[in-house]
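Q: The structure's right below; bear with me while I get my questions together.
The values are calculated or read from the model by the stated rules, or taken from the named source; none is laboratory data. Predicted model only: the values in this text are computed from it and were never measured. Because the Cβ atoms are built from the backbone with ideal geometry, glycine has one as well, and the counts that use them run over all protein chains shown. Remember, those area values only see protein heavy atoms, side chains included, never the ligands or the DNA or RNA. Shrake-Rupley method; radii C 1.70, N 1.55, O 1.52, S 1.80 Å.
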Amino acid sequence: MLTRRRVLLAAPLAAALPRFGAAQEAAYPSRPIRIIVPFPAGGTTDLLARLYAQRLTETMGQSVVVENRGGGGGSIGADVVAKAAPDGYTLLFHNLTFCTTTAALEFQNRAPHAIERDFAPISMGANVPMMLLVGAAVPAQNLREFVALARTRTDLFYGSTGPGSTMNLVGEILKRDAQIRMDHVPFRGAAPLVQDMLAGRIHFGGDQLSSSLGHIRGGTLRPVATLAAQRASALPDVPTAREQGFPNIELLGWNGFFAPARTPAPVVARLHQEIAAAARHPAVANRINELGAVPGGDSPEEFGANVRAQLAQVRPLVTELRMQVE
C-alpha cells in the first residue's frame, strides 16, 4: 500500500526522469553511429551510404560507419535494425527492394518485421533510377527487342539480388505480361549480379543506375529500359518500361534512411536535419548527380508516404506471383 510519505519520496525521482531523457536527446550523438547496409559492398546502396557516412562524420561530431549485412534479399540486415535499441545509434540504409522482400516474407507468413510497425522513416538519400540491362552479347537494343528475342529462345537467364527482391518481382511480371520464359538466378547483391552479366552467364538483369553507369558508358552493359516514370537524365535516349508497353514494372528507385520504431522524435528530427543538409552539400550533391541520381533530403512524412505507396503497389503482385524469400 502506498503511503503519503512514499508518494512524496517517489515524486522527485519521477519528475527527474523526463529531464534525464531530454538531456540524453539533447546530447545526441554522444558515441559512434552505424549505418546497416543490407547488401554486400560495391553496389549503389553501399556507395551512397558511405558517401553520406563521410559527410555525417564531418558534421555530427561522431564517427558514422557503414556495416554490410547482406543476405535474404536485404531482410537480414533490416532485421538487425528492427531489433536494435531505438536510440539513433543504429540506422538502416535500404532501397526499393525493401518493399518487395518484406511483402514476399509476409506472403510466406514468416516476416521477422513489418516496415510500417518496426521502422521510423527518416529521409530519402537519393532517387536512383532502376535500369533493366542486357549483356553486350545480347542482340537487343531495347526492352521490346529483348522480349521479341526471348519469345524465340528457352535458354535465357535473368538475375536478381535474391528471391523476393525487386528484380525478381520485375522479372516475373515481365514473364507474365510478355509471355516469355526465363530462368531466375538469385545473387546476394547487385555487384555479383553485374559481374555475371559482364561474363555473359546472365543475359538480363536490373541494377540501380549509379553502380552500372560506368559499364553502360563503357559498352559492356546495355540499358534497355528504365523503371522510373520518366527517362533518366543521365541516359535520356533510354525509354521507360511504360513507354515500351510494360507499365506494371514502373517503380520509384529510392534509397533511404530508417531508424528503429520508437526512436525519440527529437533524434529523428536531428538525423533528418543532418541528412537533408548533407544532400544539399555541393560535394555530396555533385557526386550523386554524377552517378545519374537525384539527391534526397525529403521529410520523414514524405519519405514514409512514398514507401507505403510502394508497399501498396507490390503486395498484391507478390501475392499473385507467389513470390518467396529463401
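Q: List every residue pair whose Cβ atoms lie under 6 Å apart, where the two residues are 6 or more positions apart in sequence or sit on different chains, the first residue falls within segment 147-172 and is within 20 Å of V325 (Cβ to Cβ), and the second residue, located anywhere, is in a helix (DSSP H, G or I) and of a type in the set (G, A, S).
A: Qualifying pairs under 6 Å: Y158/G171; T161/A190; G162/G73; G164/G73; G164/A104; S165/G73.
Q: Can you go through Q179, Q195 and tell me which one is of a type outside the set (G, A, S) and either in contact with a strand residue (DSSP E or B) (Cβ under 6 Å, 6 or more places away or on another chain) or without any contact (Cβ under 8 Å) to a residue 12 or more places away in the chain (or both)?
A: Details: Q179 fails: either in contact with a strand residue (DSSP E or B) (Cβ under 6 Å, 6 or more places away or on another chain) or without any contact (Cβ under 8 Å) to a residue 12 or more places away in the chain (or both).
Being of a type outside the set (G, A, S) and either in contact with a strand residue (DSSP E or B) (Cβ under 6 Å, 6 or more places away or on another chain) or without any contact (Cβ under 8 Å) to a residue 12 or more places away in the chain (or both) holds for just one of Q179, Q195, which is Q195.
Q: Quick check on my filter: what residues within segment 235-274 are in a loop (DSSP other than H, G, I, E, B), in contact with a strand residue (DSSP E or B) (Cβ under 8 Å, 6 or more places away or on another chain) and touching a residue at least 24 places away in the same chain (Cβ under 8 Å)?
A: L235, V238, P239, A241, Q244, F246, L251, L252, G253, A261, R262, T263, listed by residue number.
Q: Looking only at segment 313-326, decide whether some residue is surrounded by 21 or more Cβ atoms within 10 Å (Cβ to Cβ) and assigned to a helix (DSSP H, G or I).
A: Yes, that holds for at least one residue.
Q: What about F187, is it at pLDDT 95 or above and either in contact with a Gly (Cβ under 6 Å, 6 or more places away or on another chain) or under 23 Å from G70 (Cβ atoms) (or both)?
A: So F187 does not fit the description; no.
For every residue, the table says whether it meets (1) closer than 24 Å to G171 by Cβ; (2) open to solvent by 40 Å² or more (accessible area, probe 1.4 Å); (3) out of contact with any Lys or Arg (no Cβ under 6 Å at 6 or more places or on another chain).
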residue	(1), (2), (3)
T220	yes, yes, yes
A225	yes, no, yes
L235	yes, no, yes
A241	yes, no, yes
I249	yes, no, yes
A265	no, yes, yes
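Q: Would you check which residues across segment 20-42 are hydrophobic (A, V, I, L, M, F, W, C), modelled with pLDDT under 90 and open to solvent by less than 50 Å² (accessible area, probe 1.4 Å) and list them?
A: F39
Q: If you don't mind, another one. Only one of these conditions is not met by R110: (1) of a type outside the set (S, T, N, Q); (2) touching a strand residue (DSSP E or B) at 6+ places or on another chain (Cβ under 6 Å); (3) over 29 Å from G292 (Cα atoms); (4) modelled with pLDDT under 95. Which number is it?
A: (2)
Q: Sticking with this structure for a sec: Residue check: is A137 in a helix (DSSP H, G or I), of a type in the set (G, A, S), farther than 24 Å from R322 by Cβ and open to solvent by 40 Å² or more (accessible area, probe 1.4 Å)?
A: no
Q: Right, I216: in a helix (DSSP H, G or I), crowded, with 22+ Cβ neighbours inside 10 Å and among the β-branched types (V, I, T) or not?
A: In short, no.
Q: Please specify each residue of segment 275-297 satisfying the condition of being surrounded by fewer than 20 Cβ atoms within 10 Å (Cβ to Cβ) and assigned to a helix (DSSP H, G or I).
A: A276, A277, R280, P282, A283, A285, N286, R287, N289, E290
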